[in-house]
Amino acid sequence: MPSHEQEIEQIKARIAAVYARRERLKQELETGAVAPRDGFARLDQIDQELSELDSRFKQLWDLARSGSIVPQPASNLARRVTDPEAGCRTSNAPLPMP
């Protein structure tokens, strides 16, 4: 199991990768390379993934600063395997209105 500092670094790297994927998708939506229905659904999924990563990062950051770390396998979240070109995990969330 990685150290908490390693987990923080893994999550930071994952946030950067997911954010870059989000920006590419936004560009594809702007240029019409992706259909709006599919693109907005994928954007919602990416935003949810970023939110989860951000929450775990903040939890680890706060715990590291307080000196009491609660061991949790955040590396599973940080290493979530998704295909950046095909989108990410599925979601039952409603599509946002344009």
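The values are calculated or read from the model by the stated rules, or taken from the named source; none is laboratory data. All values reported here derive from a predicted model rather than from experimental measurement. Neighbour counts are summed over all protein chains in view; Cβ atoms, including those assigned to glycine, are modelled from backbone coordinates with ideal geometry.
Scan (1) over 13 Å from the mean Cα position of the chain (by Cα); (2) modelled with pLDDT of 90 or more; (3) surrounded by 11 or more Cβ atoms within 10 Å (Cβ to Cβ) for the single condition residue 31 breaks and write down its number.
(3)
Take the conditions assigned to a helix (DSSP H, G or I), at pLDDT 95 or above and within 14 Å of the chain's Cα centre (by Cα) and apply them to residue 42. Does it pass?
For residue 42, the condition - assigned to a helix (DSSP H, G or I), at pLDDT 95 or above and within 14 Å of the chain's Cα centre (by Cα) - is met.
Taking the conditions exactly as written (in a helix (DSSP H, G or I), loosely packed, with under 11 Cβ neighbours inside 10 Å, at pLDDT 95 or above and not hydrophobic (A, V, I, L, M, F, W, C)), does residue 24 satisfy them or not?
Taking the combined requirement at face value, the residue does not satisfy it.
Residues of segment 34-57 being buried (at least 16 other Cβ atoms within 10 Å of the Cβ) and without any contact (Cβ under 8 Å) to a residue 12 or more places away in the chain, which ones?
34
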